[in-house]
Amino acid sequence: MNRVLVLVFVGTIVALALWDIVRRNPQLKDWLRPRAPKPRRGGPPARSVRAAPPEKRGQVIELRRDPYQVLGIDRDASPADVEAHIERLRSENDPEKLEGLSADLRAHAERRLAEVEAAYAEIKGQS
């Protein structure tokens, strides 16, 4: 009797843990959902309850960030403060100054510099 109770208890704990994992990972929910049944030969096609979602693997979603947040400045900063901050960020992320570092760090600095330039262009376009 004790073994049965232990097995039921362990099974319940495992089921709750799996449920929590699936609940926190929506991609697992999509993977676990049943797909539409294959059509039968010679008869009418089987009706599906819902259509299978299109494949979205490998897509990159670009989130638009606030340019002031990207630059790390306040919205009420003066244009002179913005210019000084931009110059400091440009000098920190200048790829020529980072020649001795690894390729990963140089690539990160180049991405950061591109983000800074895009954010600055957006701020200049707003004013």
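Read-outs: derived from the displayed coordinates by stated rules, not from any lab. These figures come from a predicted structure and were not determined experimentally. With ideal geometry, Cβ positions are generated from the backbone for all residues, glycine too; neighbour counts draw on all protein chains shown.
With the crude spin-label approximation of a point 7 Å out along Cα→Cβ, what separation in nm comes out for ASP74 versus ARG23?
4.3 nm
Given the C-alpha atoms of the range 67-126, compute the convex hull and give its volume per residue in Å³.
Cα convex hull per residue, to the nearest whole number: 67 Å³.
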